[in-house]
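Comments concern the structure below.
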Amino acid sequence: YCVRYPEIEPDRTGFTNIFFTMASISKLSIRGVRSFSPNDEEQVIGFCFPLTIIVGANGCGKTTIIESLKYAVTGSLPPGNKSGQSFVHDPNAVGQSNVKASIKLRFNNRGNNSMVVIRSMELIQKKTTMTFKQLDGILRTVDPTTGQRVSLSHKCTELDRQIPNLMGVSKPILEHVVFCHQEDSSWPLQEGAVLKKRFDDIFDSTKYAKALEAIKASRKDYASQVKDLKAELEGLKSHKHAANGFRNELEKCQDEISGVDDQINECVKIIAEEDAIIAEKRKILLDIQAFEAKLDDKSFELSREDAVLEKQKELLGDDVMKDKATDELKEM
């Protein structure tokens, strides 16, 4: 089948054709199931494409093939088989205490990779009762990188989930549509509640309803988160407004600080000039002090000379006066 996408390498029509390979079954082998004896070789059935018609007499195993296909891909036993006891070959028919049955199915998954699923069962005959047991299954494939066969053992419940996913078809569709048992083929005519449940399983309406509930819950949670975020946004807006005010005030303070820095630089320049003037004045003051020291020394020397001179005058005073008197008398 094909899906058209408008965005991935469009052709002339504006769309791109992307082809997907549908899952298909190619071969089935049965042993120890219903009329297929466990002591005989495996009965292998090949399926043709696109259609395979199975023709045979009543009781030859036509329904067993459908039941085996259904069990191989879904793990569901046919209806009314006493918990699987009537699905496995009767041990009393072969004179054994236990019978092991196996179903192998080769199919191509939705990625067109060939795979083989092997499911095994065991029926044990006791004195008065029989016990049915499902054994672990095997999923076999080929490693695309190495080309070697890889076999993985799985529990039955795990295989029941994996095979439908590998085939790309839901389990209810495989059970009730593709491999529907003939005894259960009239399910569309059942009562309303049963029919509704069957359609819900086929169309995954329960999952859809759960998805809607999850969407509603998510929407409610997101609405609550949006409400909280809006309240937080209002708080952040007020913080932003306050931050803008602080930023403007900070810029104003920075401008003032810049002006003060300019004034400080101017004062530093003036101080440097005054320091130069003070240094020059100090130099002049030192020169004055040195000159005053010399002047003091000279004054001291002068006073000392004056004292010497006075003393000499005192010593020479009398002789001078006598000479002066004699001269005056002569003039007279």
* Near pairs, Cβ below 8 angstrom, 6+ apart or cross-chain, from the range 101-112 (under 12 Å from S68 (Cα atoms) and at pLDDT 90 or above) to any residue that is part of a loop (DSSP other than H, G, I, E, B) and open to solvent by 50 Å² or more (accessible area, probe 1.4 Å) -> S102/E42; K104/E42
* Structure fact -> Scanning the range 81-101 residue by residue, those part of a strand (DSSP E or B) and crowded, with 19+ Cβ neighbours inside 10 Å turn out to be V88, V99, A101
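Out of everything in the range 203-225 that is within 25 Å of the chain's Cα centre (by Cα) and open to solvent by 70 Å² or more (accessible area, probe 1.4 Å), what residue ends up being farthest from V178 (Cα to Cα)?
Among those residues, the one meeting the criterion is Q225.
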* When you go through (1) assigned to a strand (DSSP E or B); (2) buried (at least 16 other Cβ atoms within 10 Å of the Cβ) one by one for I163, which number turns out not to apply? -> (1)
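So, in the range 183-202, how many residues would count as being surrounded by fewer than 12 Cβ atoms within 10 Å (Cβ to Cβ) and either of a type in the set (D, E, K, R) or part of a helix (DSSP H, G or I) (or both)? Give the derivation first.
Step one: list which residues in the range 183-202 are surrounded by fewer than 12 Cβ atoms within 10 Å (Cβ to Cβ), which gives 183, 185-186, 188-189, 191-194.
Going one step further and asking which of them are either of a type in the set (D, E, K, R) or part of a helix (DSSP H, G or I) (or both), we end up with 183, 188-189, 191-194.
Qualifying residue count, the range 183-202: 7.
Quick check on my filter: what residues within the range 106-138 are closer than 21 Å to F47 by Cβ, touching a Ser or Thr at 6+ places or on another chain (Cβ under 8 Å) and either assigned to a strand (DSSP E or B) or open to solvent by less than 70 Å² (accessible area, probe 1.4 Å) (or both)?
R106, F107, N108, G111, S114, M115, V116, I118, R119, G137, I138
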* **Hits in the range 1-53 (condition: in contact with a strand residue (DSSP E or B) (Cβ under 7 Å, 6 or more places away or on another chain), modelled with pLDDT of 85 or more and not in a strand (DSSP E or B))** => A23, G32, F36, P38, E42, F47
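The values are calculated or read from the model by the stated rules, or taken from the named source; none is laboratory data. Computed from a predicted model, the values in this text were never measured in an experiment. Cβ sites come from the backbone with ideal geometry, for glycine too, and all protein chains shown count toward neighbours. With ligands, DNA and RNA removed, areas are computed over all heavy atoms of the protein, side chains included. Shrake-Rupley method; radii C 1.70, N 1.55, O 1.52, S 1.80 Å.
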